[in-house]
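> Okay, here's the structure, questions in a sec.
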Ligand code: GLU
């Protein structure tokens, strides 16, 4: 079976120790399956992406020897694809226009906020009653059960835990959920390997795939790298950019976060990558063995 994987960084800051783990894992999994590996720059949220950061990330990946099999794509240039997906969701009744302001949602929202986000109370589900449409939302229904290659069986009730989520924002920007689903389908991605912080988004993406008639890829969410204070290492909390003076050392660190124990004496990035691929292949064989026994 053909395999297509991808690494999809948001260029809000340079690659750091945490995002390198996701980049390396997605690259290793593609190599171990004899597949293709793509890079997609997720710059839909333009105001949060400093100019030139995309090139910084592409340069970091190149210096680490993580080279995509096809030219990278930029989400900021793919608005037509997202509009076509939204149009189909509107036509099928899965998406609806929403006239509510943040203040109105806050005033009407019932249950507790989740990760600081209010659960939309469904005010515009049956129409905006003459008020102008500001944003577009997805009409959620029920529970999504799914399987993660590392985390196992997962489940989320979209209606009570998430609510009708945004597809296109009031400021005209595309929401990550819609863009990522449209892109993965259009690019023929079969396997998604990314950080565990995104596992919670997966049920929304599966719901969108089903509504659009797209296949659901396999998922593997990798362990997060925590800062000394226990918080997730992120660009937002100022995680340091990868030090490219020693690419082999940084790759070794990322490989060990993934549980790969490499022998000593691998001094070049190429050696570390080759050694990591054989270790990853062994892990893939092991888990395939477990599944069939
Ligand atoms: N762009 C997202 C991020 O950098 C990752 C999206 C994905 O891998 O699905 O957090």
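Bear in mind these aren't lab numbers, they're just calculated from the coordinates by the rules spelled out. Computed from a predicted model, the values in this text were never measured in an experiment. Here the Cβ is made from the backbone with ideal geometry for all residues, glycine too, and neighbour counts use every protein chain on show.
> Let me test this: with uniform point scatterers at the alpha carbons of region 176-293, what is the Debye-based log₁₀ I(q)/I(0) at q = 0.09, 0.10, 0.16, 0.18 1/Å?
Evaluating at q = 0.09, 0.10, 0.16, 0.18 Å⁻¹ gives log10 I(q)/I(0) of -0.36, -0.44, -1.02, -1.15.
> For the pair residue 160/residue 67, report the inter-label distance in nm, with labels modelled 7 Å from Cα in the Cβ direction.
Between residue 160 and residue 67, the simple spin-label model gives 5.2 nm.
> Taking a ≥ b ≥ c as the square roots of the eigenvalues of the Cα gyration tensor of region 1-81, is the shape rounded (a/c under 1.5), prolate (a/b larger than b/c) or oblate?
Because a/c hits 1.5 or more and a/b fails to exceed b/c, region 1-81 counts as oblate.
> What full-extension length gain, to one decimal in nm, is calculated for residue 285 and residue 227 as 0.36 nm per residue of separation minus the Cα-Cα distance? Could the numbers behind the result be given before it?
Details: separation 58, 0.36 × 58 = 20.88 nm, distance 3.19 nm.
Contour length minus the Cα-Cα distance gives 17.7 nm.
> Here's another thing I want to ask about it. Based on alpha-carbon centroids, what's the gap between region 169-243 and region 35-53 in Å, whole number please?
Value for the Cα centre distance between the two parts: 12 Å.
> According to the square roots a ≥ b ≥ c of the eigenvalues of the Cα gyration tensor, what is the shape class of region 28-147, taking rounded for a/c under 1.5, prolate for a/b larger than b/c otherwise, and oblate for the remainder?
Taking the square roots of the gyration eigenvalues as a ≥ b ≥ c, region 28-147 is prolate.
> What is region 81-151 by shape, rounded, prolate or oblate, if you read a ≥ b ≥ c off the alpha carbon gyration tensor as root eigenvalues and call it rounded for a/c under 1.5, prolate for a/b larger than b/c, and oblate otherwise?
oblate
> Report, in degrees rounded to the nearest 10, the 0 to 90 angle that the Cα long axis of helix 247-257 makes with the longest principal axis of the chain.
70
> What FRET efficiency would be calculated for the residue pair residue 278, residue 241, taking the C-beta separation as r and a Förster radius of 25 Å, to the nearest 0.05? The partial results should precede the final answer.
Details: r = 29 Å, r/R0 = 1.15.
The value I calculate is 0.30.
> So how tilted is helix 17-32 from the main axis of the chain? Cα-based, degrees 0 to 90, rounded to 10.
Between helix and principal axis, roughly 70 degrees.
> Pairs of Cα atoms under 8 Å, at least six residues apart: use those to get the relative contact order of the chain, whole percent.
Relative contact order here is 23 percent.
> To the nearest 10 degrees, how steep is helix 202-212 against the longest Cα principal axis of the chain, on a 0 to 90 scale?
Tilt relative to the chain: about 60 degrees.
> Additional query: For the chain, what D do you get in µm² per second when you plug the Kirkwood radius from alpha-carbon pairs into Stokes-Einstein at 10 °C and 1.306 mPa s?
78
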